[in-house]
Every structure is written in C-alpha cells, then in structure tokens.
Amino acid sequence: MKDGKVERKNDILLGPIERPILNWLAKHMPEWVNSDMLTVLGIFGSALTLVSGIMAGKTGGPYQNPWILVLCLGFVINWFGDSLDGTLARYRHKERPNFGYFIDHSVDGFTALCMFLGFGFAGISSLLVAAFGAIGYLLMMITVYLKTHVTGVFEMTTIKIGPTELRVLAIIFSLVHYFLEPVPVRVPFAGGEEIKLGTFVVGVIAAILFIYYVVETIRVGRRLAIEDGKRLERRLVKEAKAAEKEMKKMEKEFKKSSKKSNGNNALGDISRIN
C-alpha cells in the first residue's frame, strides 16, 4: 500500500461494459473538467439519493412518487462522478494514488449510508433494516481495505458484484416500488408476520454482507496466519543460525586468547628459571 502501489483486481460482472464506456467518457471529457469536480459531483449524487428518499417518505411513500425518480437520478449522477474521476486521472496521467484512494473510498462510505438510509426514509424498507444494511456494507468495505493493506491487492469484490452492480440493482428496485405496490411477504422465521418486500430484500442483502464480512475475515485471517507463521519460522531459523555463528566466533576467539595466555605464562616460567 506504500506510495499507492497496489495491484487492482476489478472483475465485476458489468466490468466489460462499464470500462469501455468510462474510457470513452474520459477521452471526450472537456479539458476544464477535472477529477476533483467529478468526485464532488459523485458526492452530490449520493446526497441527492438521501434527500429524495426523505422527501418520498414525507409525501406518501414510493408508489408513483416523482421523488423516487429523482432518487434514481441520484444513483446515476453518483455513478458518473464516482466511477469517472479515477478513470479521467489515469487517462490524463494525473494520478494521485494515495489521495485518490483515501478520498474515493471515504466517499464510498458516505454513499453507502445515503443509499440504504434513503431506502429506509422513503418507505421502501424499514429504517431499522436499512440501517443494518448500511452497517453490513461498511463492514464489507473495512474488510476490502484491510485486505488491500496487508496483501497489496485491491480486490473490489470476490462475488463479481461491486458498486456499479449495486447501483443498477438499487435503481431497478426503486423503479419497481415506483410503478408497483409490491405485496408483503410472509417470513416464517419472523413468526409468520407479513413484512414489506423491500424490508425482506434489504434484510437479505444485509445478511449476505455480514456473512461476507465474517467469511472473508476468517479466510484471509487463516491465510495470513499461515504466511506469517512461515515468515516467523524463517526468521527464527535465520536468527538461530546467526546466533550459532556468533557463538562459534566467540569460541574461536576464546581459544585463541587462551592459547596466547598459556604461551605468555610459559615464557614467564622460563624467565623465572633463568
């Protein structure tokens, strides 16, 4: 992670479609537009999703509420700014690896909060379950960034679903609630009570994110324990060899010193006899 030297792995599902689009946009972006402007635009898009969700909740819920369309627009604006800022910097060879990594992923945390809480305030999901979804997403982010630090590989996802896929799913999910009034679902493990479809789906997503966090923590932790164990073993062997070498050197010097001392004593005895 030092000096931003990180190997990037981005094998998301929509990557083959998204990357050519981003490269084309970067190539045709006006010169006066820079990466910082796009980052700010992405933040604006995130805030717009939250504000739209709050307004939708205050004006009758998601069904046929124009604020839901504004919420979807917020996701599009966020994708445009958040995905294009780094691509533009790389295209113009104006990368700032450490600054970009820090700011981009700090903003991602804000985006996650806006997305899930926007659903909760809009009435698409219960606010409590939406909050758990946000927590799960933030835990997943922590895992990804810690893995980047200890392995030097920035792996956006291991299940081919990244921020772009989540935005697309969020837009589809929002539009479903705009055009339809989804019927409640009965959840057996919740006492057979009926809950909103959105609450159920967001709850499932939250559970998947928590499971991902636990599984990746265990998986990567075990791998690192083995690697560090081997590294520690090699270091101890190296230190033992160095200690053995130093001991032999000391023994050699002691023998040499003892031999010299015995020789001097013998000369002293001869001189006394004479």
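The values are calculated or read from the model by the stated rules, or taken from the named source; none is laboratory data. Quantities reported herein were computed from a predicted structural model and do not represent experimental measurements. In this analysis, Cβ positions are derived from the backbone assuming ideal geometry, glycine residues included, and neighbour counts consider all displayed protein chains. Only protein heavy atoms, including side chains, enter the accessible area calculation; ligands, DNA and RNA are left aside. Shrake-Rupley method; radii C 1.70, N 1.55, O 1.52, S 1.80 Å.
A compact table of results
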| read-out | value |
| --- | --- |
| Any chance T164 is open to solvent by 40 Å² or more (accessible area, probe 1.4 Å), of a type in the set (S, T, N, Q) and at pLDDT below 90 | no |
| Only listed residue being closer than 30 Å to A225 by Cβ and either over 17 Å from the mean Cα position of the chain (by Cα) or in contact (Cβ under 8 Å) with a residue 40 or more places away in the chain (or both), chosen from V76, V150, V70, V129 | V150 |
| Condition met for S52 (at pLDDT 90 or above, in a helix (DSSP H, G or I) and of a type in the set (S, T, Y)) | yes |
| Qualifying residues in the range 31-67 (those that are touching a residue at least 60 places away in the same chain (Cβ under 8 Å) and hydroxyl-bearing (S, T, Y)) - the one surrounded by the fewest Cβ atoms within 10 Å (Cβ to Cβ) | Y63 |
| From F99, F121, residue being surrounded by 17 or more Cβ atoms within 10 Å (Cβ to Cβ) and out of contact with any Ser or Thr (no Cβ under 8 Å at 6 or more places or on another chain) | F121 |
| Criterion (in a helix (DSSP H, G or I), modelled with pLDDT of 75 or more and surrounded by 15 or more Cβ atoms within 10 Å (Cβ to Cβ)) met by exactly one of I142, I171 | I171 |
| Residue in the range 1-22 that is surrounded by the fewest Cβ atoms within 10 Å (Cβ to Cβ), counting only those that are at pLDDT below 60 and of a type in the set (A, V, I, L, M, F, W, C) | M1 |
| Candidates L73, L25 - the one that is open to solvent by 30 Å² or more (accessible area, probe 1.4 Å), in a helix (DSSP H, G or I) and at pLDDT 95 or above | L73 |
| Top-ranked residue of the range 196-227 - restricted to ones that are of a type in the set (D, E, K, R) and over 21 Å from the mean Cα position of the chain (by Cα), ranked as surrounded by the most Cβ atoms within 10 Å (Cβ to Cβ) | K196 |
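Table: residues versus (1) touching a residue at least 24 places away in the same chain (Cβ under 8 Å); (2) part of a helix (DSSP H, G or I); (3) within 16 Å of L48 (Cβ to Cβ).
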residue: D85; (1), (2), (3): yes, yes, no
residue: K94; (1), (2), (3): yes, no, no
residue: A112; (1), (2), (3): yes, yes, yes
residue: G118; (1), (2), (3): yes, yes, yes
